[in-house]
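Remarks on the structure that follows.
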Amino acid sequence: TNPGFVVRITQAGLDYAHQHGIEMLEKKLAELTLPDMSGDFRVLRVGKVHYELSRLRLRSFHLPYSRISPVPNVGLQVAISNAFAELDGDWRVKMLFIRDHGSFDLKVENVYIKISLRLGSDTTGKPTISTSDCSTRISKVRVLFSGKFGWLYNLFHSAVESKFKKILESKVCDSVAESVHKELQTYARTLPVTAKIDARTGIDYSFVAPPVATAQSLDTGLKGEFYSLAHRSTVPFSPLPLSLPSDHDRMVYFGASSYFFNTAGFAYHTSGALVFEITDAMIPKDVDFHLNTSTFSAFVPQLEQMYPNMPMKLRLSTPTAPFLNIGPGGISLKPVVDVQAYAILPNSSLAPLFVLSLVRNVSAVIDVRSGHIVGSLNVGRIKLSLKDSVVGTFQVRLLQSIMNIFASDILLPRLNARLDEGFPLPLPDRIRLLNTFVRFHQNFLLLGADVHFQPK
């Protein structure tokens, strides 16, 4: 299935995410708990020596050099080098008649960690992240014992260092896997795959396939489809292939296809949201006419005879869902609107008068604000035709100026007020977009931005 919406995270975006991930991993590794150790070994002409190490405390774990890279057919790879840690603890030794105890410091240096992250999606379309591979290599461990019998400690420090090395290498990868599962996976699942927009519609941002890693970025295809909350029906058209340009100046890019926007029109039309009623009370105060049969009788003479001096109501609706086009020059559409005119009778019932078909060229201005796609519409002149009439025929061109007022001064501000509220972009928790831009391409809109993560 072709995506209706594509998200690209560039190397700059991965580096930014990696920076916060490494800070989290450092804190996690600094919380490592190490088991008490004990052992025996024999010394020539001395006999068996028994040692115990207890109350092991990890004071710090530093990851000064690391890099994240997208790896095709793998996912993401994190390479950490020259990491180091410091521990301390208590020791006790028994050998013949010698009993001694004290404290020790342990320095772990030249730690190399390699982590492979598998990226996918579950049956609900939410992202999944797991550790597919992890290896840790420690080049140097130094134990410094305090005590009176220095020669004695030197007999078993190499055995202690070897044990520490094996335990730490295992513990680090266990901690990485736990951190990815508990922290990274939990955070990734804050990405909304459905977003309720208003009382009638929502957006489906579920993954249509696992993320694809290239040499320079991570691309994810989302369904990118609006739907009616009351009744979700199959969209009668399909998304075209969507390929983003090779831009990498920003941390993240969003590709919103014409399919994405056209499903919005389909959802709003299906849900009945594209129906507007205009009454006399809604006419701006500075307009010098009223919505009644007396005013319209100047254009439709039969009205004064059939329904003298009665208020009127106009019901605007779209016979089909509006369909827009996106090209390098911007967004354009030519919606068809039916205008049903009614006379409001003394008993408040409605008497149908005539139906006008209204066609108008419309262009759109798109922007990004507070994590939402926002917009506004600009309209050209209206083209009118008489679709049906129960009050006889009349010259519809005479109604041109009145319909322009209804559309420009009443209908358009309502539509723009809704578009100004915007539609949410698929963003996980605590992400804010900066340095945004909007560009138009054939059949899709490209949004670029840097991101700022706000920790809890």
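The values are calculated or read from the model by the stated rules, or taken from the named source; none is laboratory data. Nothing here was measured: the structure is a model prediction, and the numbers come from that model. A quick note on method: Cβ atoms are made from the backbone with ideal geometry, for glycine too, and the neighbour counts reach across all protein chains shown. For the accessible areas, the whole protein counts, side chains as well, though only heavy atoms, and no ligand, DNA or RNA atoms are used. Shrake-Rupley method; radii C 1.70, N 1.55, O 1.52, S 1.80 Å.
Relative to the longest principal axis of the Cα atoms of the chain, the long axis of helix 258-270 lies at roughly 60 degrees. Once the Cα atoms are used to define both axes, helix 150-179 deviates from the longest principal axis of the chain by about 20 degrees. Measuring between their Cα centroids, the stretch 404-426 and the stretch 283-344 lie 17 Å from each other.
Computed across the chain, the Kirkwood hydrodynamic radius from all distinct Cα-Cα pairs reaches 27.5 Å. Under a no-solvent Debye model with one identical scatterer per Cα of the stretch 194-453, what's log10 I(q)/I(0) at q = 0.08, 0.10, 0.11, 0.17 Å⁻¹? Reported log10 I(q)/I(0), two decimals: -0.41, -0.60, -0.70, -1.29.
About its Cα centre, the stretch 194-453 has a charge dipole of approximately 240 debye under the convention of +1 per Lys or Arg Cβ and -1 per Asp or Glu Cβ, with nothing else charged.
Mind checking the dipole of the chain: about its Cα centre, +1 per Lys or Arg Cβ, -1 per Asp or Glu Cβ, Debye to the nearest 20?
1420
Accessible surface comparison of Leu427, Leu63, probe 1.4 Å, protein chains only, largest first: the order is Leu427, Leu63.
Convex hull volume per residue, computed on the Cα atoms of the stretch 12-190, equals 123 Å³.
Please calculate the 1.4 Å probe accessible area of Ser135, with all protein chains present, and give it to the nearest 10 Å². Only protein atoms counted, so the area is about 50 Å². In the chain, helical runs assigned H by DSSP with n ≥ 4 each contribute -39500 (n - 2.57); averaged across all residues and rounded to the nearest 500, the mean residue ellipticity at 222 nm is -6000 deg cm²/dmol.
Pairs with C-alpha atoms separated by more than 30 Å, drawn from the list Lys28/Lys48; Lys48/Lys140; Lys114/Lys223, are Lys28/Lys48; Lys114/Lys223.
Taking only protein heavy atoms and a 1.4 Å probe, the accessible area of the chain is 52% carbon and sulfur. In summary, the aspartates and glutamates within cross-link reach of Lys27, defined as a Cα separation below 16 angstrom excluding same-chain residues under 8 places away, comprise Glu86, Asp174, Glu178, Glu183.
Put simply, the amide H of Ser132, placed in the peptide plane, has neighbours under 5 Å in Ser116, Leu117, Arg118, leaving out anything fewer than 5 places away on its chain. Taking amide hydrogens as placed 1.01 Å from N in the peptide plane, the amide H of Tyr307 sits under 5 Å from that of no residue at least 5 positions away in sequence or on another chain. Taking amide H positions as modeled 1.01 Å from N, with prolines and chain starts lacking one, the residues under 5 Å from Asp100 and 5 or more places away or on another chain are Val93. Positive-end ranking of Thr131, Ala264, Pro352 along the dipole of the chain, with charges on Cβ about the Cα centre, is headed by Thr131. What the chain shows is 49 Å² of accessible area per residue, with the surface traced by a 1.4 Å probe over protein heavy atoms.
Provide the convex hull volume over Cα atoms per residue for the stretch 88-202, in Å³. Write down the numbers at each step before the final one.
Working: hull volume 16.8 nm³, N = 115.
Given the Cα convex hull of the stretch 88-202, per-residue volume reads 146 Å³.
For a quick check of understanding: with a 1.4 angstrom probe and all protein chains in place, what accessible area in square angstrom does Leu386 have, to the nearest ten? Accessible area of Leu386: about 60 Å².
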